[in-house]
Amino acid sequence: MSKFKIIILLCIFVFVSFRYSTDARHIIGGINTKILASYGDMKMQIEAKINEHFAQQEEIQRLRTENQSLQKSAVLSIAFASKLSDMLKEHNVTAYNPRVSMIQSIGYTNLNDYGKVWLKFDDFNQSKIYGLLQQGYAAGIVVSNDGHPQGLLLSDPKSIFAVYIGNQKMQGVAQGNRKEVLVKYISQWLQPQVGDEVVTSGLDGIFFEGIKVGVVTEVIDEESSKTVVVKPYAAPHVPAYMHVIMQN
């Protein structure tokens, strides 16, 4: 190749370099940006998967620990019930055999009344009143309404059952007034205090003794007795499934 041709090619190369170098850099830069963006997305996805994996592992471990605790409680409960039954038999008393069953809430009886719910209760006996439980707490009672099982929640005025207040087991009657839960007919000489825990007494045959109802938030002195206002433990909303006490 002659020197003239070489010089011409060099000139063309220099011209192209100056003319298109900016565009070339833009193209290369765009490619790099896409690569970096893809890398960033991939990195975030991998990190999310790793975090999700560890979260699942923690949840599995938590559930295993909880399950072990529940198994231990169940075993201890069985042992306690067996021992209690033996003691009752020694004193010629019928063995203690309580039963609890799961039921399903269908919906509120009336749209503007959140204290009554219809229940799906296969073994319902309309001649009985049942204690209603929500996550282990007293939630109301179950009664018959035209032969159909109806749950009266704690706020309903017809939801009435016997309770104890505080460590001294002061007796009273729990009843709703649509807005809050009250315990009425407490003897005037007794001294309930704010913060006292309210539990079922079992004296009415509806609940077992000792099921938690709530905590006293106010004490009201009346002419012949005292009344306390109770903040219930049971959640205000109605879950899909609850339990009833079949046999006390």
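The values are calculated or read from the model by the stated rules, or taken from the named source; none is laboratory data. Since the model is a prediction, treat every value here as computed from it, not as a measurement. So basically every Cβ, Gly included, is an ideal-geometry build from the backbone, and we count neighbours across all protein chains shown. The protein model used for the area step is the full one, side chains on, heavy atoms only, and it has no ligands, DNA or RNA in it. Shrake-Rupley method; radii C 1.70, N 1.55, O 1.52, S 1.80 Å.
Would you call residue 182 on the phi < 0 side of the Ramachandran plot, of a type outside the set (Gly, Ala, Ser) and outside any strand (DSSP E or B)? No: the conditions fail for residue 182. Residues in the range 160-185 that are farther than 18 Å from residue 129 by Cβ, polar (S, T, N, Q) and either modelled with pLDDT of 95 or more or under 28 Å from the mean Cα position of the chain (by Cα) (or both): 167, 171, 177.
Scan the range 204-224 and give yes if some residue there is aliphatic (A, V, I, L, M), assigned by the TED database to the domain that holds residue 118 and outside any strand (DSSP E or B), otherwise no.
So the first thing to find is which residues in the range 204-224 are aliphatic (A, V, I, L, M), and the list is 206, 211, 213, 215-216, 219-220.
Cutting the leftovers down to assigned by the TED database to the domain that holds residue 118 gives us 206, 211, 213, 215-216, 219-220.
Okay, now just the ones that are also outside any strand (DSSP E or B), so 206, 211.
Scanning the range 204-224 turns up at least one residue that is aliphatic (A, V, I, L, M), assigned by the TED database to the domain that holds residue 118 and outside any strand (DSSP E or B).
Kindly evaluate residue 238 against the criterion of being assigned by the TED database to the domain that holds residue 179 and more than 16 Å from residue 151 (Cβ to Cβ). No: the conditions fail for residue 238. Scanning the range 220-245 for residues that are more than 19 Å from residue 161 (Cα to Cα) and either open to solvent by less than 50 Å² (accessible area, probe 1.4 Å) or of a type outside the set (Asp, Glu) (or both) returns 220, 224, 237, 238, 239, 240, 241. With respect to the stated conditions, residue 227 fails to be within 19 Å of residue 153 (Cβ to Cβ) and hydroxyl-bearing (Ser, Thr, Tyr).
I'd like to know if the range 146-155 contains one or more residues that are over 18 Å from residue 243 (Cβ atoms), surrounded by 19 or more Cβ atoms within 10 Å (Cβ to Cβ) and of a type outside the set (A, V, I, L, M, F, W, C). Yes: the range 146-155 contains one or more residues that are over 18 Å from residue 243 (Cβ atoms), surrounded by 19 or more Cβ atoms within 10 Å (Cβ to Cβ) and of a type outside the set (A, V, I, L, M, F, W, C). Only one of the numbered conditions (1) of a type in the set (Phe, Trp, Tyr); (2) open to solvent by 20 Å² or more (accessible area, probe 1.4 Å); (3) farther than 19 Å from residue 236 by Cβ is not met by residue 114, and that is (3). If the condition is being assigned to a loop (DSSP other than H, G, I, E, B) and either under 20 Å from residue 159 (Cβ atoms) or aromatic (Phe, Trp, Tyr) (or both), then the range 193-203 contributes 201, 202, 203.
Output the qualifying pairs, or none if there are none: Cβ atoms under 6 angstrom, residues six or more apart or on different chains, first residue in the range 224-248 and in contact (Cβ under 8 Å) with a residue 60 or more places away in the chain, second residue of a type in the set (Gly, Ala, Ser) and open to solvent by less than 70 Å² (accessible area, probe 1.4 Å). Listed pairs, sorted by first residue: 232/214; 233/214; 234/139; 238/105; 244/101; 245/131; 246/101; 248/205.
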